[in-house]
Structure formats: C-alpha cells, structure tokens
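J.: Here it is, the structure, as structure tokens.
The values are calculated or read from the model by the stated rules, or taken from the named source; none is laboratory data. In this text the structure is predicted, and so the values were computed from the model without any measurement. All Cβ positions, glycine included, derive from the backbone under ideal geometry; neighbour counts span all protein chains shown.
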Amino acid sequence: MKRRTTIKLLLSGMFSGLLVGSLGWKRAMAAGRGDNQARALASYAAMQKYFYKQDGSHLYLEQYPAQANDNPYSYEWPFSQAHIATIDLSYIPGSVGRGYGAAVADRSLGQEHYWNTTGTTGLAGYDSYPRPPYGNGGDKFYDDNEWVGLAKLQLYLMTGDGAALKRAKEIFDLIVSGWDTDASHPAPGGVFWTQATWSHDRNTVSNMPGAEMGLRLYQITHDSNYLDWARKMYEWTNAHLLAPNGLYWDHIDLAGNIEKTQWSYNQGVPVGVNALFYKATGDETYLRRAEDIASAALDFYGADDRLYGQPAFFNSIFFKNLLLLQSMNHNPRYVQAMQAYADKAWDSYRDTATGLFRFNASQPTTQLLEQAAMTQIYAVLSWSPDRYTVLY
C-alpha cells in the first residue's frame, strides 16, 4: 500500500492576509519577489543536497534523514511534487528560470521510472513506486497520475513541449478508465482513487484534478470530449462531496459513507476548475463559484489556525489554484494570503543549518513532500503575475 504521509503543522497565531492597499500590495509584491526567488533557490538546493540520490537513478529519497526501514527511493507522489517544483523554478523570469532547463529534463527521466504500460484497465500510467530495476512498481493511483498530467500540461503551456502534451493525453485516458460504471453503487459515478483492490473510494482529489486536466486539454485541443468528461467529474463531485459550508469533503465509499475531512487542496482544485470552466465557456457563474469557494476556504482556514493544521503539500496546491483565479479577477487577497503563509513558514519552520522545513516538532525527519511544496510556493511567488495563467 502506498504510504500517505499526513503532516500536522504546529504553527501558532491566526492566519491572515497582508492588510495593505492596492498600491501598497503592488509595491510589496515587487519587492518581495526577489526575496521569494532567493528562498526558492535555497529550498531547492537543500532538496537536492539531502534528498536527491547520487546513484544515476534520477530519483529521490522519501525523507531525510533516511530511516532504517525506508525504501531506497521515494514513492511517486513525493517525486511528482519535486518534479513540479523544478518546473515551477524553470518559469522564474529571465536567466534564473532558464538555468533549470536541464533539471526539468532530469526530473522527466526520473518520472519515467514509475511508468507502467500495463494495469487492471490495460492502460499505461504511473505506478506508486519505481519499476525495475529500481523497484517493483506498485498500485496505480488516479490522483498521482493527475498531478503528473497537470504538470505535463503546465510544461506544455510554458514551452510548447509536444511530448508533454502527448503524455498528458495518455494519462487522461487512464483517468477516464477509472470512472465508476456500476449504477447499483451509492452515488454512482466518479473516478475511483486507486486501482488497488483494498480501496473503492471515490474522492474529490481523484475527480476535480481530472476535471482540471480535461479543461486544460480542451483549452489546448478544442476537442469537446475533454470538456464533456470535465463536466461529468465536476458535476459528480458537486452532487456528492460538496458540503453545506461551500467546501468539499474528502471521499465517499461503496457503502455510501462520506469521509468529511476538508483538506485544503480539495478546496483549491475546485477553485481552479471553476476558473477554467469560466475561461472555456465565458459563463460568469463559474467565476462567481470560484470566488465563493476561495473566499469560503480562506475564511475557514483563517479561523482557529486551521490552515496550519494542513500539510504544506496540500497548501501549495491550494494556493496555486487561487493564483490561477487571481489571473482572471485580479483579487490581491490570494497572493497576500500565500505570502503570509510563506513568510511564517520560512521564519518558524525552516532549519537555518540545513535549509530543510519541518512542520512537526515531534517528527525527526523532513519529508520530500514538504521540501518540494515549499520550493513550489516560493518559486511561484517569485513569478510575475502574468504567469499565473499556467497554474493549477
């Protein structure tokens, strides 16, 4: 079974945005991008120093320091986040971003060690652990594959990389194959979380990122099949996992039981999906929905320190989708909130000796997921806002 690391943050103090006016915000962001860039580069350097395997595999450790019973390499989900962090760094404007081109190519090589051309549906996809000779593979998770698919689409939008677009289309075929077709199930429909037989959950995180992929593919190809599937995944999730407070629950099982935890990334992705539906259709209802979810989420996580009870690797996805919305409505609240989170994490949860982030004081290790997430956050905050359009 794929290990799902859940990090509980122990930060103190109420979360709030930076309360500055519009002109003050613009000046603060212009000044802050330089600091964020330096933080992104330092966080990446620490990730490479302590996690990257110097054995020619192009792979990473799961955590540092490595523990006695650890696998030789990380699972696919942490690797994908390191991959995405590298892509985000490469989009920093100017020569700094261009300097990460070789690193992006290296991550692409490592990513392919998880690629498996077989599966329960007969369709290729990324296994949860590297394939031989680096490991024995593992179950395919639809959400794991969606994160890679979205990364490939971001890379295509950034560079026009045709191979990245081709791989995203292959991944989307896999996602569609995970749709529940048994009408006798409670809440029939939805994409399952995994192909593994030990779970039959259908999750917000296996459906909304699939919808986001479909919308990006429609944006690029104008093939209405992608839009149709995006709408199916979106409508199923809204019908069965949208809570009365306007946020999203985690999943529903085949007994009809709903797991009602409200993770931050499960709010961020629907923001991005609605924003992309607005771009695809011109229907301002979607824009209003995106804004309503973003506002409800910031209010919810701003109360009782809830944001800091969320793993950093969920918050990176949450915030990046809010910046996608900001590229359309230009609301500064989203980047203000992201910057406040980034500043507090840097000041309170980074080891200055190693450059590694550790959010749980009782845990003796730093997770690759955590380091990659913070690298993403600082990298994207160092972008100029006109680049937020490629995010998810």
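J.: Could you tell me whether A85 is assigned to a helix (DSSP H, G or I), modelled with pLDDT of 95 or more and under 19 Å from the mean Cα position of the chain (by Cα)? Write out each step before concluding.
T.: On the way: assigned to a helix (DSSP H, G or I): yes; modelled with pLDDT of 95 or more: yes; under 19 Å from the mean Cα position of the chain (by Cα): yes.
So A85 passes the test.
J.: With the condition kept exactly as written, say whether any residue in segment 123-143 is out of contact with any Asp or Glu (no Cβ under 6 Å at 6 or more places or on another chain), more than 25 Å from S74 (Cα to Cα) and surrounded by fewer than 24 Cβ atoms within 10 Å (Cβ to Cβ).
T.: No, segment 123-143 has no match at all.
J.: In segment 358-378, what count of residues is obtained for those that are in contact (Cβ under 8 Å) with a residue 60 or more places away in the chain, surrounded by fewer than 24 Cβ atoms within 10 Å (Cβ to Cβ) and touching a strand residue (DSSP E or B) at 6+ places or on another chain (Cβ under 8 Å)?
T.: Adding up the residues that qualify gives 1.
J.: Restricting attention to segment 348-376, report how many residues are outside any loop (DSSP other than H, G, I, E, B) and at pLDDT below 95.
T.: Taking segment 348-376 as the starting set, the residues that turn out to be outside any loop (DSSP other than H, G, I, E, B) are 348, 350, 357, 366-376.
Applying the additional criterion that residues be at pLDDT below 95 yields 348.
Number satisfying all stated conditions: 1.
J.: Tell me whether segment 16-31 contains one or more residues that are modelled with pLDDT of 95 or more, within 29 Å of P93 (Cβ to Cβ), small (G, A, S) and crowded, with 17+ Cβ neighbours inside 10 Å.
T.: No: zero hits.
J.: For segment 107-128, which residues satisfy the criterion of being farther than 29 Å from V273 by Cβ and touching a Phe, Trp or Tyr at 6+ places or on another chain (Cβ under 7 Å)?
T.: Answer for segment 107-128, where residues must be farther than 29 Å from V273 by Cβ and touching a Phe, Trp or Tyr at 6+ places or on another chain (Cβ under 7 Å): just H113.
J.: Looking only at segment 247-304, which residues are polar (S, T, N, Q) and not in a helix (DSSP H, G or I)?
T.: Across segment 247-304, the qualifying residues are N257, T261, Q262, S264.
J.: Right, next: Looking at (1) of a type outside the set (A, V, I, L, M, F, W, C); (2) in contact (Cβ under 8 Å) with a residue 12 or more places away in the chain; (3) farther than 25 Å from T366 by Cβ, which is the one condition that is false for G162?
T.: Result: G162 passes all but (2).
J.: Related question: Cβ contacts < 9 Å: first residue under 19 Å from G189 (Cα atoms), restricted to segment 254-265; second residue among the β-branched types (V, I, T), any location; separation 6+ or different chain. Result?
T.: I258/I252; E259/I252
J.: Separate question: Taking D173 as the residue in question, decide whether it is over 21 Å from G268 (Cβ atoms), of a type in the set (D, E) and in contact with a Gly (Cβ under 8 Å, 6 or more places away or on another chain).
T.: Criteria not met by D173.
J.: Something else: Name the single residue, out of those in segment 92-108 being β-branched (V, I, T) and assigned to a helix (DSSP H, G or I), that is surrounded by the fewest Cβ atoms within 10 Å (Cβ to Cβ).
T.: V96
J.: For M233, all conditions in the list (1) surrounded by fewer than 23 Cβ atoms within 10 Å (Cβ to Cβ); (2) in contact with a strand residue (DSSP E or B) (Cβ under 8 Å, 6 or more places away or on another chain); (3) assigned to a helix (DSSP H, G or I) hold save one; what is the number of the exception?
T.: That leaves (1) as the condition not met.
J.: Can you list residue pairs whose Cβ atoms sit under 8 Å apart, with the first residue in segment 209-220 being among the hydrophobic types (A, V, I, L, M, F, W, C) and the second being not in a helix (DSSP H, G or I)? Count only pairs 6 or more apart in sequence or on different chains.
T.: Within 8 Å, the pairs are L217/D223.
J.: Those residues that are assigned to a loop (DSSP other than H, G, I, E, B) and either crowded, with 20+ Cβ neighbours inside 10 Å or in contact (Cβ under 8 Å) with a residue 24 or more places away in the chain (or both), I need them from segment 37-65; list them, please. Steps first, please.
T.: If we filter segment 37-65 for residues that are assigned to a loop (DSSP other than H, G, I, E, B), which is where we start, we get 53-59, 61-62, 65.
Across segment 37-65, the qualifying residues are S57, H58, L59, L61, E62, P65.
J.: Give the residues of segment 157-183 that are more than 20 Å from D127 (Cβ to Cβ), part of a helix (DSSP H, G or I) and polar (S, T, N, Q), sorted by residue number.
T.: T159
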